[in-house]
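Enquirer: First, the structure itself, so that you have it in front of you.
The values are calculated or read from the model by the stated rules, or taken from the named source; none is laboratory data. Note that this is a predicted model, so its numbers are computed, not measured. Don't worry about glycine lacking a Cβ; one is built from the backbone with ideal geometry, like all the others, and counts go over all protein chains shown.
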Ligand code: HPA
């Protein structure tokens, strides 16, 4: 039986064998970010996540399951996209949630872009808005460092990388992302609590991956697509179809932002 560290190393070695030298950056494409992402690269390698031993697989329909590696068009940068994220609400542990991300970083990909869909906690940020994370509030997701390190999370969402993106996109506003385990959406009372705590958006992912990547010394950027008003705001009752529909309607903008974020990744 391999321990968690050995499983991560095994994944990194498989990636090296399957795809050669590591890309400099990779993105985990959450709901709303997959539609056109591949149009940004010339694909070199397409790996089914199910073919990478020990890589935990998503169960939710529509969440995909590939690692795509290629050249970012218009640059000399090699990047990778992961189209299948696993969630704590599927029953995965903190370590399992981040095993793939750790494997990618150990392989050598040190710029980590985490993309998700989230509910907006303010009518000032309507559905369709993009929100780079400036910080987070972890409500109920497992911590991937359990059993180990005491790591400080100040400036975990890399300030310079984010500043470079905001300079190019003056119309997007960064904010604080809260995450609850789900898969049910929040109650209106929870939404009111999150607003009072100072959060700007709420989702069900990203935080464990960000913590693990930061602890490994990688640079982290995360961006939420706000797909709906959170439960109870202006009478909102979030549902999965609305999340997918808003994501599809805003795919173009999301893809342009993804391209910029990858272009601006620091080396
Ligand atoms: N809450 C939690 N996660 C989400 C939401 C929401 O309103 N929308 C998209 N993901």
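Enquirer: Determine if segment 85-104 includes at least one residue that is closer than 26 Å to residue 68 by Cβ, part of a loop (DSSP other than H, G, I, E, B), in contact with a strand residue (DSSP E or B) (Cβ under 7 Å, 6 or more places away or on another chain) and modelled with pLDDT under 95.
Expert: There is at least one residue in segment 85-104 that is closer than 26 Å to residue 68 by Cβ, part of a loop (DSSP other than H, G, I, E, B), in contact with a strand residue (DSSP E or B) (Cβ under 7 Å, 6 or more places away or on another chain) and modelled with pLDDT under 95.
Enquirer: So residue 244 fits all but one of (1) at pLDDT below 95; (2) more than 14 Å from the ligand (Cβ to nearest atom); (3) within 17 Å of residue 83 (Cα to Cα); what number is the exception?
Expert: Failed condition: (2).
Enquirer: Sort out which residues of segment 179-204 are buried (at least 19 other Cβ atoms within 10 Å of the Cβ), farther than 16 Å from residue 129 by Cβ and in contact with a helix residue (DSSP H, G or I) (Cβ under 8 Å, 6 or more places away or on another chain), and write them in order of number.
Expert: Within segment 179-204, 179, 180, 186, 191, 204 qualify.
Enquirer: Check whether at least one residue in segment 35-49 is buried (at least 20 other Cβ atoms within 10 Å of the Cβ), under 14 Å from the mean Cα position of the chain (by Cα), modelled with pLDDT under 95 and under 20 Å from residue 144 (Cβ atoms), and report yes or no. Explain how you work it out, then say what you get.
Expert: Going through segment 35-49, the residues buried (at least 20 other Cβ atoms within 10 Å of the Cβ) turn out to be 37, 40-41.
Keeping just the survivors that are under 14 Å from the mean Cα position of the chain (by Cα) gives 37.
Filter again for modelled with pLDDT under 95, leaving 37.
Cutting the leftovers down to under 20 Å from residue 144 (Cβ atoms) gives us none.
The answer is no; no qualifying residue exists.
Enquirer: Considering segment 163-178 alone, what residues qualify as being surrounded by fewer than 18 Cβ atoms within 10 Å (Cβ to Cβ) and in a loop (DSSP other than H, G, I, E, B)?
Expert: Correct list: 169, 170, 171, 172, 173.
Enquirer: Looking at segment 13-29, can you tell me whether even one residue there is surrounded by 24 or more Cβ atoms within 10 Å (Cβ to Cβ), over 15 Å from the mean Cα position of the chain (by Cα), over 26 Å from residue 175 (Cβ atoms) and touching a residue at least 60 places away in the same chain (Cβ under 8 Å)? Working first, answer last.
Expert: Our first condition is that a residue be surrounded by 24 or more Cβ atoms within 10 Å (Cβ to Cβ); within segment 13-29, this holds for 15, 23, 25-29.
Keeping just the survivors that are over 15 Å from the mean Cα position of the chain (by Cα) gives 15, 23.
Retained after the next criterion (residues that are over 26 Å from residue 175 (Cβ atoms)): 15, 23.
Now drop any that are not touching a residue at least 60 places away in the same chain (Cβ under 8 Å), which leaves 15, 23.
Scanning segment 13-29, I find at least one residue that is surrounded by 24 or more Cβ atoms within 10 Å (Cβ to Cβ), over 15 Å from the mean Cα position of the chain (by Cα), over 26 Å from residue 175 (Cβ atoms) and touching a residue at least 60 places away in the same chain (Cβ under 8 Å), so the answer is yes.
Enquirer: To continue, here is another question. Look at residue 120 and say whether it is surrounded by fewer than 19 Cβ atoms within 10 Å (Cβ to Cβ), in contact with a helix residue (DSSP H, G or I) (Cβ under 9 Å, 6 or more places away or on another chain) and in contact (Cβ under 8 Å) with a residue 40 or more places away in the chain.
Expert: Details: surrounded by fewer than 19 Cβ atoms within 10 Å (Cβ to Cβ): no; in contact with a helix residue (DSSP H, G or I) (Cβ under 9 Å, 6 or more places away or on another chain): yes; in contact (Cβ under 8 Å) with a residue 40 or more places away in the chain: yes.
No, not satisfied.
Enquirer: Given the options 79, 69, 101, 86, name the one that is in contact with a helix residue (DSSP H, G or I) (Cβ under 9 Å, 6 or more places away or on another chain), crowded, with 23+ Cβ neighbours inside 10 Å and free of Cβ contacts under 8 Å to residues at least 40 places away in the same chain. Steps first, answer last, please.
Expert: Working: 79 fails: free of Cβ contacts under 8 Å to residues at least 40 places away in the same chain; 69 fails: free of Cβ contacts under 8 Å to residues at least 40 places away in the same chain; 101 fails: free of Cβ contacts under 8 Å to residues at least 40 places away in the same chain.
Within the list 79, 69, 101, 86, the selection yields 86.
Enquirer: Would you mention how many residues in segment 147-160 are in a loop (DSSP other than H, G, I, E, B) and either in contact with a helix residue (DSSP H, G or I) (Cβ under 7 Å, 6 or more places away or on another chain) or modelled with pLDDT of 95 or more (or both)?
Expert: Let us first name the residues in segment 147-160 that are in a loop (DSSP other than H, G, I, E, B), namely 147-156, 158.
The next check asks that each one be either in contact with a helix residue (DSSP H, G or I) (Cβ under 7 Å, 6 or more places away or on another chain) or modelled with pLDDT of 95 or more (or both); those that pass are 149, 151-156, 158.
The qualifying residues number 8.
Enquirer: Got a sec? Which of 144, 127 is farther than 30 Å from residue 51 by Cα, modelled with pLDDT of 95 or more and not in a helix (DSSP H, G or I)?
Expert: Working: 144 fails: farther than 30 Å from residue 51 by Cα.
Checking each option against the conditions leaves just 127.
Enquirer: Now a separate question. When the residues of segment 179-221 are narrowed to those that are assigned to a strand (DSSP E or B) and closer than 21 Å to residue 93 by Cβ, which ends up nearest to the ligand (Cβ to nearest atom)?
Expert: 203
Enquirer: Here is a follow-up. Restricting to segment 13-48, and then to whatever is part of a helix (DSSP H, G or I) and over 17 Å from residue 263 (Cα atoms), can you tell me which residue is nearest to the ligand (Cβ to nearest atom)? Talk me through it step by step, then tell me what you get.
Expert: So the first thing to find is which residues in segment 13-48 are part of a helix (DSSP H, G or I), and the list is 13-19, 37-40.
Now narrow it down to the ones that are over 17 Å from residue 263 (Cα atoms): 13-19.
On the way: 13: 34, 14: 31, 15: 29, 16: 34, 17: 35, 18: 32, 19: 31 Å.
Top of the filtered list is 15.
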